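Here's the structure we're looking at; comments come further down.
The values are calculated or read from the model by the stated rules, or taken from the named source; none is laboratory data. Since this is a predicted model, take the numbers as computed values, not measurements. Cβ sites come from the backbone with ideal geometry, for glycine too, and all protein chains shown count toward neighbours. Protein only, heavy atoms only, side chains kept; ligands, DNA and RNA dropped before computing areas. Shrake-Rupley method; radii C 1.70, N 1.55, O 1.52, S 1.80 Å.
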Amino acid sequence: MSTPTRITHLIGHASWEGEAARTSEVFNPATGEVTGTLDLASAELVDEVVAGAHEASKAWGQTSLARRVRILFAFRQLLEERKGEIARVITAEHGKTYDDAVAEISRGQEVVEFACGIPHLLKGGFSENVSTSIDAYSILQPLGVVGIISPFNFPAMVPLWFVPMAVATGNAVVIKPSEKDPTAVNLIADLWREAGLPEGVMNVVHGDKEAVDALLDNSHVKAISFVGSTPIARHVYERGVANGKRVQALGGAKNHMLVLPDADLDLAADAAVSAGYGAAGERCMAISIVLATESIADDLVTKIVERTRTLSTGDGMGGSDMGPLVTKQHLAKVTGYVEEGVAAGAELVIDGREGADELGSGFFLQPTLFDRVTPEMSVYTDEIFGPVLSVVRVGSYDDGLQLINDNEFGNGTTIFTNDGGAARRFQHEVQVGMVGINVPIPTPMSYYSFGGWKNSLFGDTHAHGIEGVHFFTRTKAVTQRWLDPSHGGLNLGFPEND
Ligand code: NAD
């Protein structure tokens, strides 16, 4: 076993040289080995980093759009060139397959490409001659320092949802990545340096609750973008807002796929398997519940079983379809849900625990399928965040819709049908932020915005797209008067509306 690598903060353009009072271990989930020792920041260190970012934000906020865009284009090119290197690190710390790691970087890169259009996106409005010799217009200005707190499941994509938008709009960033797979953000931060971003505009602090709470309490941090589980999202939102910040806190999910009797069942089964088991179910847009209408439920389950049995599980670098879970603790939690499902009387059609031990010392669970799950079972109510797919049989479209709308989460959902009228009704009636029609995972493109409803999002602004521009800027409305030289003199009264 090789010596674990030290992973530390990246402040300004340099690695931190202090000695951490607290550290945590980083694992390779495919082998179970400890591969890294991560420095955890104290509240004092976070305050120091924010103070540096605050200084850097002053000049960066004044930097021309032309220069900002050149840096964004350079960063985009470096990201493209180093994708493989970053993806290998993601697979080694998160466990997802190498192809999936490449794909998440590519989705993040799309946000960089969107942010390259920032001169157009930052154009305010202009109304000439709202009254005689008076014009009105708006300008969008940066906030200063923004804090970003990201989850383990997309160690590159989620940071890339926010950092390019924050930097393009003229802010300085302090990001705290997940302590489970922290290295990808360090590599990405280094690319910003190479791209020419001035020192202090992009900073990485590693840590846990202490670092997060320090960001939430620091008055120089004007906005927080958080992604993670619902209880922590609620905490971050409440504490951040109480401290006067704007906060977008994206939380957990329990995504349903509704399959109507007229659906293409092969397409639906393909989608259920890829969206249920891709990245071992550790995606906030994973499908975890298939709502199968009774008349097609047997056929659909048969098709899902056929496809699931072809999936291979193993090391994400080894060409398998699915990798391990992120930690031993998370594996135990997911396996606990499988036991609870069995005890509650759900039909365990495929038991992913079987054969998992033979895959080595990593944190493996193979794809698991339940049928005849009912809404009071914990496999239905709770976010499992693992490769466990549950089929719930429903009588009709209305029964399926009711279940989705009654659910506490509202991140993503999808319907499979060949009836355009039913699909149109669904997108209108469903109480969920991101909706798919005959697609497995309806993740919005970078030029739309990403965000759920209900307990899947605290705050009102979604990530990237035009909502991202608004989140990271403050609007100023200006009314100006320049007198025409032919005007007779000063008018001290209110402008007349003529
Ligand atoms: P998590 O909530 O455990 O951690 C998220 C971040 O919060 C991490 O940086 C972590 O260090 C920090 N954190 C953890 N405990 C904290 C505490 N007590 N106080 C302050 N900060 C704390 O989430 P996770 O396990 O890393 O990620 C998985 C979760 O994220 C799932 O619930 C998933 O649905 C959700 N997620 C949601 C979206 C979305 O867009 N809605 C996207 C990705 C992931």
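Total residues in segment 184-213 satisfying the condition of being under 30 Å from F409 (Cα atoms) and open to solvent by 10 Å² or more (accessible area, probe 1.4 Å): the figure is 5. If you go through segment 245-262 and keep only what is out of contact with any Asp or Glu (no Cβ under 9 Å at 6 or more places or on another chain) and surrounded by fewer than 23 Cβ atoms within 10 Å (Cβ to Cβ), you end up with K245, R246. Taking the conditions (1) open to solvent by 20 Å² or more (accessible area, probe 1.4 Å); (2) more than 13 Å from the ligand (Cβ to nearest atom) in turn, I86 satisfies each one other than (1).
Among residues of segment 163-183 being touching a His at 6+ places or on another chain (Cβ under 8 Å) and assigned to a strand (DSSP E or B), the one that is surrounded by the fewest Cβ atoms within 10 Å (Cβ to Cβ) is K176. One residue alone among T23, T37 is in the same structural domain as V145 (by TED's automatic domain parsing), open to solvent by 50 Å² or more (accessible area, probe 1.4 Å) and among the hydroxyl-bearing types (S, T, Y), and that residue is T23. Listed here are the strands (runs of 3 or more DSSP E) enclosed by segment 410-493 that have at least 1 residues being of a type outside the set (A, V, I, L, M, F, W, C) and closer than 30 Å to I289 by Cα: 412-416, 434-437. Counting only strands (runs of 3 or more DSSP E) that sit completely within segment 101-161, those holding 1 or more residues that are among the aromatic types (F, W, Y) correspond to 126-131, 134-142. When T91, T8, T97, T63 are checked against the criterion of being open to solvent by less than 50 Å² (accessible area, probe 1.4 Å), within 24 Å of the chain's Cα centre (by Cα) and more than 30 Å from T313 (Cβ to Cβ), a single residue qualifies: T8. Filtering segment 18-55 to residues that are under 25 Å from D217 (Cα atoms) and part of a loop (DSSP other than H, G, I, E, B) leaves G18, E19, A20, A21, A41, S42. E306 fulfils the conditions (1) surrounded by 20 or more Cβ atoms within 10 Å (Cβ to Cβ); (2) farther than 30 Å from G144 by Cβ except for a single criterion, (1).
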